[in-house]
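Heads up, the thing below is written out as structure tokens.
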Amino acid sequence: MSRHLGTISAIALCLAAPQLVLATTYTREEAVKIALEKSSDVKTAEEELISANSQVDAGYGNALPSIDLDATVTRIFGLDDVKESSRISDAAAGMAQSNDENGYPNANAFDTQVIGPALDGMTNQMMKQAYRWQSSVGLTATQILYAQGKVGTGIQIAKTYKHIKEVNLENTKANVRYSVENAFDQLIYLDSAIVILQESKNMLQENLNFVEQSMKSGLATELDLIRVQLSMDQLNSKINNMEKSRILARNALLNTMGMDWETDVQFQGELRDPTSGYAFPDTSMANVKKRRKELVMLEATEEMLNKNVSIEQGGYKPTIALVGGLKYSNNQNEFYKWDAPDWDENINKYIALNLKMNLFNGMKTKEAVVQAKSNLRSTQIQKETAERGFRVQIESCVNTLSDADAQIEIAKRQIDLAQKNYDLTNAAYKIGRETQLNLLTAENSLRTAKLDYMSAIVEWNKAYNALLQATGEY
């Protein structure tokens, strides 16, 4: 490699250190690390994973008993106060004081001491149902015994969904890393291009100085000076445009990193050197299918939807639950009056076995099964399409990388030829054997060749990154 080509390679592969000592400087690794911490895409994927973890816990909760507390206070209008009465007992006592036509008492001791109080007690209890204030507090426990696998399958679906979100987080991080590195490479290109343009400006300035001296000695004309000055103006305009593009690229990189814009921020790093012998990515489709996270997520989604079909089909089957509970009831004329709870009298204790089976729901279950199967098939089609798409994508990336290799070799030759042409033209111009126009053309050709070579290296890096991403190795 020639001396000039070695110089331009160093410029293309390495971003110059920042001139401002106090400016914040980020390396490529630091930029990627910050992006993985602050990127909105990564944060969103992390929140989705948190939600998926919660769904797994909720699925296990469905397998545990459900305990519910129920408290009710009711005010019934149109009722008078209920008062306990002993009218039947009083009547029996009164009858016991009188005799029938045979001289016997109309009521005996059994009537006054047993029958009368018993009937009064029964009447009072019936009247208590009409208290104006009726309150109850109940505690119910429900345990699902059989639900056609809905609980267990639901837990499996939640776990699969969690796995999908885990893979999605990894895939999101890989995409963010890919975006940051491509933006970083573009920034290296722009910074290095500015260096090349400044070098070209220095060369043109030497030419301008030579013309100005030649004019004093009568060896150059005013037209020669104007040509150089026009070239200088055009070059300054290119430098200004390149610097503006660099500012936009820097801000775009900061945005990808999830950071606010910083005026003095600097980035320092290197491009891959195509001559360093980087390993060619593994393009075997069998291995690509294992590595591509998009395909892993589609396969997990297929598994999840297949289980969802089973859950929807469970709508045809019964649900059996064991129910137990305690209920305390209290009825009074005033809401602030409460009887003390009594285990044997006013606390209702029960246990029940409940079977529930839908016989007709307007074909909702049938249509839910149809929709679940359709969603499953749609995902299967997406997976098949993705597999074919990956193959085409890899072939395209391989061709692009091959073209990038060829362009680098062409760009190398162009720099050598352009440098030789400039050196010869410049030497001949200084002794008056070459025109100024040819010298300016040679200088422009050299500058263009250097920029093309650097651009070819950047394109090679992009192509290599794209192939790594396509094969799932990124």
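The values are calculated or read from the model by the stated rules, or taken from the named source; none is laboratory data. Everything quoted here is computed from the prediction, not taken from an experiment. Cβ coordinates were reconstructed from backbone atoms using ideal geometry, including for glycine residues, and neighbour counts include every protein chain displayed. Just the protein is used for accessible areas: all its heavy atoms, side chains included, with ligands, DNA and RNA removed. Shrake-Rupley method; radii C 1.70, N 1.55, O 1.52, S 1.80 Å.
For (1) part of a helix (DSSP H, G or I); (2) β-branched (V, I, T); (3) touching a residue at least 60 places away in the same chain (Cβ under 8 Å); (4) over 30 Å from D264 (Cα atoms), each residue gets a yes or a no:
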residue	(1), (2), (3), (4)
Y26	no, no, yes, no
A31	yes, no, yes, no
I50	yes, yes, no, yes
A58	yes, no, yes, yes
G61	yes, no, no, yes
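Is it true that some residue in segment 87-103 is in a helix (DSSP H, G or I), free of Cβ contacts under 8 Å to residues at least 40 places away in the same chain, under 24 Å from N330 (Cβ atoms) and among the aliphatic types (A, V, I, L, M)?
No, every residue in segment 87-103 fails to be in a helix (DSSP H, G or I), free of Cβ contacts under 8 Å to residues at least 40 places away in the same chain, under 24 Å from N330 (Cβ atoms) and among the aliphatic types (A, V, I, L, M).
Among the residues of segment 169-180, write down those that are over 16 Å from the mean Cα position of the chain (by Cα) and either open to solvent by less than 30 Å² (accessible area, probe 1.4 Å) or of a type in the set (A, V, I, L, M, F, W, C) (or both).
Of everything in segment 169-180, just one residue is over 16 Å from the mean Cα position of the chain (by Cα) and either open to solvent by less than 30 Å² (accessible area, probe 1.4 Å) or of a type in the set (A, V, I, L, M, F, W, C) (or both), namely V180.
Among the residues of segment 119-144, count how many are within 23 Å of Q55 (Cβ to Cβ) and hydrophobic (A, V, I, L, M, F, W, C).
Residues in segment 119-144 being within 23 Å of Q55 (Cβ to Cβ) and hydrophobic (A, V, I, L, M, F, W, C): 1 in total.
Write out, first by first residue and then by second, each pair whose Cβ atoms fall under 8 Å of each other, whose residues are 6+ apart or on separate chains, and whose first residue, in segment 366-383, is within 14 Å of N308 (Cα to Cα) while the second is β-branched (V, I, T) and open to solvent by less than 60 Å² (accessible area, probe 1.4 Å).
If the second residue must be β-branched (V, I, T) and open to solvent by less than 60 Å² (accessible area, probe 1.4 Å), the pairs left are V369/V309; A372/V309; A372/I311; K373/V309; L376/V309; T379/T301.
Would you confirm, using the coordinates I've provided, whether G269 is at pLDDT below 90 and over 20 Å from Y26 (Cα atoms)?
no
Looking at segment 415-437, I want the residues that are open to solvent by 30 Å² or more (accessible area, probe 1.4 Å) and have a partner that is not in a helix (DSSP H, G or I) with Cβ atoms under 6 Å, at least 6 apart or on another chain. Which pairs are those?
D416/S2
Can you pull out every residue in segment 329-374 that is open to solvent by less than 70 Å² (accessible area, probe 1.4 Å), β-branched (V, I, T) and farther than 26 Å from A141 by Cα?
T365, V369
As an exercise: evaluate A183 against (1) of a type in the set (G, A, S); (2) within 30 Å of I76 (Cα to Cα); (3) in contact with a Ser or Thr (Cβ under 7 Å, 6 or more places away or on another chain) and give the number of the one condition it does not meet.
Of (1) of a type in the set (G, A, S); (2) within 30 Å of I76 (Cα to Cα); (3) in contact with a Ser or Thr (Cβ under 7 Å, 6 or more places away or on another chain), only one is false for A183: (2).
Examine segment 294-314 for a residue that is out of contact with any helix residue (DSSP H, G or I) (no Cβ under 6 Å at 6 or more places or on another chain) and in a loop (DSSP other than H, G, I, E, B), and state whether such a residue exists.
No: zero hits.
Which numbered condition in (1) of a type outside the set (S, T, N, Q); (2) over 27 Å from A470 (Cβ atoms); (3) in contact (Cβ under 8 Å) with a residue 40 or more places away in the chain; (4) part of a helix (DSSP H, G or I) is the only one that L230 fails?
Here L230 meets the rest and fails (3).
Consider segment 109-168. How many of its residues are free of Cβ contacts under 8 Å to residues at least 40 places away in the same chain and either open to solvent by 40 Å² or more (accessible area, probe 1.4 Å) or charged (D, E, K, R) (or both)?
Total satisfying the criteria: 14.
Would you mention how many residues in segment 427-442 are within 19 Å of Q229 (Cβ to Cβ) and touching a helix residue (DSSP H, G or I) at 6+ places or on another chain (Cβ under 6 Å)?
Within segment 427-442, residues that are within 19 Å of Q229 (Cβ to Cβ) and touching a helix residue (DSSP H, G or I) at 6+ places or on another chain (Cβ under 6 Å) number 6.
Right, V21: open to solvent by 70 Å² or more (accessible area, probe 1.4 Å), in a strand (DSSP E or B) and either more than 30 Å from K462 (Cβ to Cβ) or modelled with pLDDT under 75 (or both) or not?
For V21, the condition - open to solvent by 70 Å² or more (accessible area, probe 1.4 Å), in a strand (DSSP E or B) and either more than 30 Å from K462 (Cβ to Cβ) or modelled with pLDDT under 75 (or both) - is not met.
Can you tell me which residues in segment 203-224 are surrounded by 14 or more Cβ atoms within 10 Å (Cβ to Cβ) and without any contact (Cβ under 8 Å) to a residue 12 or more places away in the chain?
Matches in segment 203-224: S214, M215.
Taking segment 237-279 as the region of interest, how many residues are within 34 Å of the chain's Cα centre (by Cα), small (G, A, S) and not in a loop (DSSP other than H, G, I, E, B)?
Residues flagged as within 34 Å of the chain's Cα centre (by Cα), small (G, A, S) and not in a loop (DSSP other than H, G, I, E, B) within segment 237-279 amount to 3.
Out of contact with any Ser or Thr (no Cβ under 9 Å at 6 or more places or on another chain), of a type outside the set (F, W, Y) and in a loop (DSSP other than H, G, I, E, B), is that true of L223?
no
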